[in-house]
Amino acid sequence: MAAEHTVTVDVNEKYTLTAATQKKIWMWLAVGLILFIAGAVWFVSGFGSEAAHGAGHAAEHGGGGGDHFNPMARVWANLWLNSVFFVGIAVAGVFFLATQYAAKAGWSAIIKRVPEAFGGFLPVGGVIMLVVYFLGHHELFHWTHTGLYEKGGPEFDAIINGKAPFFYWPLSPEGGFPFFWLLRLVLYFALWYWGYTMIRKASLAEDQLQNRLDFRYYDKQVVWSIVFIVIFAVTSSTSAWDWLLSIDTHWFSTMFGWYVFASWFVSGLAVITLAVVYLKEQGYLKAVNENHLHDLGKFMFAFSIFWTYVWFCQFLLIYYANIPEEIFYFEERLHGLGGVYSPVMIILAIINFAFPFLFLMPRDSKRHPIFLKITAFAILIGHYLDFYLMVMPGTAKQYGGFGLMEIGAIIVFASLFVWFFYRTLAKAPLIAKNHPMLEESLHHSI
């Protein structure tokens, strides 16, 4: 029988955000801004000729001509898409942390500071979303046009008018200020960040304890985690309805909240995995071993399957029933709008299901950093495309695409996320030294 492996760990280890790393992040941010601005100017300034070509191409495939399309819609759509995607990753990190405490899991104690640092992006994500809404709401959300609510008017829409209280209560939609919708947006971020700060506050206070048998702050983290999970159970669905489902105001799906949650969560798991592997490769988190990586791999594998289950059930039920007010959502993405989005639908199924399913099925692939990095990057690409399909067809219409603007927006938001993640990570020791299950985590073996 092999001798027991002795694990040593520096409980005071801290991540250092070096000047070189900061310079690299700001450099990437600058590159992203240049690409985004150049792509936006290129698209908007060249829209006249592109619109003429796009209208003819769309007419051949049964799409609309888009005569009233504002080219700025694609600009705002990119900002909204990336805001929702990266905010989802941030809140998914906090949710993952909360589930570990609620389940009283021991294996993750050694890596808990990684998802804990994700919450640092939530305030900036909320501010960006508010700014983007006020600048581009008419291009992002059809329901913001006041003419839709004027009975007897040429633009009146009975379906959207019936949903007016969900957006405007207690105000009148004619005023154009969606008080209830904006109130919910602010409340989502306030509740998420409040729950996160309560968990984080207790976590940092736990580090200061002199007696490791004092569990009061651990118990507080369990309580606040359960509170956060309850809040997130409701707000993950309602925020998905507000930020994504309402883009296609006539469409509805009872599974949409679960669908968005699954996409957010597996994306968050991919970033947690990449962060842990990267930190270990940089000489941090030396006590993290292949068993911890295995569990992260299992999480990515499991929730890739869960996302596929929800995606297929939503699609199959709508396809099988073939009800016009439901099926148009998938018709647009598979066959309509000039066929712009049909390749993405096919890629989506392959990269979000087949790739992680086959790549992470073997035990050994879940225990090696190179396989985990490849799979995590693939998952992030696939689920970015998932959110792309939720946002672009309803906003950019047949003028959607993937060019400098899209690449630049991804780089900008990824740089901002990494910056706030590193800043938050550097403010506390990497190891929660007084976590009551730290010893179990250090000797984790599966």
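The values are calculated or read from the model by the stated rules, or taken from the named source; none is laboratory data. Please read these numbers as outputs of a predicted model, since none were measured by experiment. Please note: Cβ atoms are built from the backbone with ideal geometry, for glycine as well, and neighbour counts cover all protein chains shown. Heads up: the accessible areas ignore ligands, DNA and RNA and are worked out on the full protein's heavy atoms, side chains in. Shrake-Rupley method; radii C 1.70, N 1.55, O 1.52, S 1.80 Å.
Quick notes on this structure:
- When the residues M361, M129 are ordered by accessible surface, computed with a 1.4 Å probe over the protein chains alone, the sequence from largest down reads M361, M129.
- Calculated accessible area for the range 266-318 comes out at 35 Å² per residue, all protein chains present (probe 1.4 Å; ligands, DNA, RNA ignored).
- Cα-based reach from K201 at 17 Å (exclusive), listing lysines while leaving out same-chain residues under 8 positions away: K112, K220, K427, K433
- Taking the Cα centre of the range 192-349 as reference, the dipole from Cβ charges on Lys and Arg (+1) and Asp and Glu (-1) amounts to some 600 debye.
- Excluding ligands, DNA and RNA, the accessible surface per residue across the range 339-402 is 38 Å² with a 1.4 Å probe.
- Rounded to the nearest 10 degrees, the angle from helix 324-334 to the longest Cα principal axis of the chain is 70 degrees.
- On the chain, 68 percent of the accessible area sits on carbon and sulfur atoms, based on a 1.4 Å probe.
- Relative to the longest principal axis of the Cα atoms of the chain, helix 72-102 runs at roughly 30 degrees.
- In this label model, L171 and D364 are separated by 6.2 nm, measuring between points 7 Å along each Cα→Cβ vector.
- Nonlocal amide H pairs with K14, under 5 Å, H built at 1.01 Å: L430
- Ordering V11, L316, Y384 by the projection of their Cα atoms onto the charge dipole of the chain, which places +1 on the Cβ of Lys and Arg and -1 on the Cβ of Asp and Glu, puts V11 at the extreme positive end.
- Contact order normalised by residue count of the chain, Cα under 8 Å, 6+ apart, percent: 34 percent
- Annotation: peptides 368-376, 275-283, 13-21, ranked by per-residue average of other Cβ atoms within 10 Å with the highest first, follow the order 368-376, 275-283, 13-21.
- Cα-only Debye scattering, the range 354-446: base-10 log of I(q)/I(0) at q = 0.13, 0.19, 0.22 Å⁻¹: -0.78, -1.10, -1.14
- Taking all protein chains together and rolling a 1.4 Å probe, I25 ends up with roughly 20 Å² accessible.
- With R₀ fixed at 51 Å, the C-beta to C-beta distance from E13 to F402 puts the FRET efficiency at about 0.80.
- Ranking by accessible area, most exposed first, for K427, K220 with a 1.4 Å probe: K427, K220
- Cβ-placed point charges (K, R +1; D, E -1), dipole of the range 257-409 about Cα centre in debye, nearest 20: 560 debye
- Label-reachable residues, the range 274-301, where backbone N falls under 19 Å from a point 7 Å from A20's Cα toward its Cβ: 278-285
- FRET efficiency estimate (nearest 0.05) - Cβ-Cβ, S445 to A103, R0 25 angstrom: 0.85
- Note on W28 and Y319: their simple-model spin labels are 3.6 nm apart, each label 7 Å out from Cα toward Cβ.
- Two-site FRET efficiency, A426 against K151, from Cβ-Cβ distance with R₀ of 41 Å, rounded to 0.05: 0.10
- Protein heavy-atom accessible surface, 1.4 Å probe, per residue over the range 135-262: 48 Å².
- Listed peptides 285-294, 158-167, 80-89 appear in the order 80-89, 285-294, 158-167 once ranked by packing, highest mean of other Cβ atoms within 10 Å at the front.
- Cβ-placed point charges (K, R +1; D, E -1), dipole of the chain about Cα centre in debye, nearest 20: 1440 debye
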